[in-house]
Each structure stands twice: as C-alpha cells, then as structure tokens.
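This report refers to the structure that appears directly beneath it.
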Amino acid sequence: MTDDRMGALEERLRRIEDERAIERMIASYGPLVDAGAADATADLWAVDGTYDVEGWPMRSRDDVAAMVRSDAHQSLISRGCCHFLGPVVATVDGDDAVAVCESVLFVKGTKGFHVYRAGANHFRLQRRDGRWQIVHRTTRALDGGA
C-alpha cells in the first residue's frame, strides 16, 4: 500500500470515527435529559454553546443545566417523558461539523404515551479539548409552519 493510499484510508477512518462520535453524543441527549442529569446534559455543549428551542434561548452550558433543573422540565420527568433524537446525519470538516436530525418528545398521559412535540434539529459542533461539543443547536417544531 502506498503512503498516499494509507493517508487517504486514515482520513476516511478518522471521518467515520468523528461522525460516529457525534451520532453517539447526540443520541445520549435523550436519556440524559430524561434522567434529569443536568450537568451531564449540559456537558454536551461548549461552555459558550447555545441552544435555541421554541422561545427558550439558552446562551451557555450553565443555561442548559438550568433548563434541565427548571420546574417546567422537572414536571415532564415526573409525568414520564422520553426525548428521542435520530437518526443523525453528521457532516465533518476537520474540527467543525454540522448535524441534523428530527426529534420526538413523548409524554405519558392517562392512556399511555403521546407525542408532545416533534422537531427538526440543526447542530453546529466543534472539536474542543479533544472531544466534540455542541456550539449551537436550533430546534423548531414540525407544526406545519415555515
């Protein structure tokens, strides 16, 4: 195998490993937020990372932790909820990446679980301190609007 072919193979493998790491990280959001693990959920974001979700702007990792600890979110947990994100499509360019996926929030009602919200998600990520971190996440409801 030539050095060029070996280099190309290593680059492809690195890209696949990065895509997989991003997919796993985004998939971990649901179980973490449903368990009320505020610090672990927030740690998915960069310290200065932002999250723009339907009128609830979060401008830092601390804001994400505060959202998980909020009465609004804790009431979802106490009722029974399941945040599901996926499948994720990640596009990596060096230490920057973009990922998109849909999400569904199920909430327990009197006759089982029902869809509380369905959303489209756009993530901007960066490799910082040796790991992928969310720099910005935007979530919009799939409610028929633009």
Point to revise | Complete set of residues in segment 99-108 that are under 12 Å from Cys82 (Cα atoms) and in contact (Cβ under 8 Å) with a residue 24 or more places away in the chain | key: Ser103, Leu105, Phe106, Val107, Lys108
Review point. From the residues in segment 45-70 that are among the small types (Gly, Ala, Ser) and over 15 Å from the mean Cα position of the chain (by Cα), which one is most open to solvent (accessible area, probe 1.4 Å)?
Key: Gly55
Exercise for review: Report, by residue number, each residue of segment 74-133 that is surrounded by fewer than 16 Cβ atoms within 10 Å (Cβ to Cβ) and part of a helix (DSSP H, G or I).
Suggested key: Gln74, Ser75, Ile77, Ser78, Arg79
Review point. Among the residues of segment 134-144, which ones are crowded, with 19+ Cβ neighbours inside 10 Å and among the aliphatic types (A, V, I, L, M)?
Key: Ile134
Practice item. Just name the residue that is surrounded by the most Cβ atoms within 10 Å (Cβ to Cβ) out of those in segment 17-40 that are within 9 Å of Ala90 (Cβ to Cβ) and within 11 Å of the chain's Cα centre (by Cα). Key: Ile26
Exercise for review: Working only within segment 38-73, note down all residues that are out of contact with any Lys or Arg (no Cβ under 9 Å at 6 or more places or on another chain), in a helix (DSSP H, G or I), closer than 19 Å to Met25 by Cβ and among the small types (Gly, Ala, Ser).
Suggested key: Ala40, Ala65
Review point. Which pairs have Cβ atoms under 7 Å, sit 6 or more apart or on different chains, and link a residue in segment 132-146 that is on the phi < 0 side of the Ramachandran plot and basic (Lys, Arg) to one that is in a strand (DSSP E or B) and exposed (fewer than 15 other Cβ atoms within 10 Å of the Cβ)?
Key: Arg140/Ala120
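The values are calculated or read from the model by the stated rules, or taken from the named source; none is laboratory data. Being a predicted model, the structure only gives us computed values, none of them experimental. Please note: Cβ atoms are built from the backbone with ideal geometry, for glycine as well, and neighbour counts cover all protein chains shown. In case anyone asks, the SASA skips ligands and DNA or RNA and just uses the protein heavy atoms, side chains included. Shrake-Rupley method; radii C 1.70, N 1.55, O 1.52, S 1.80 Å.
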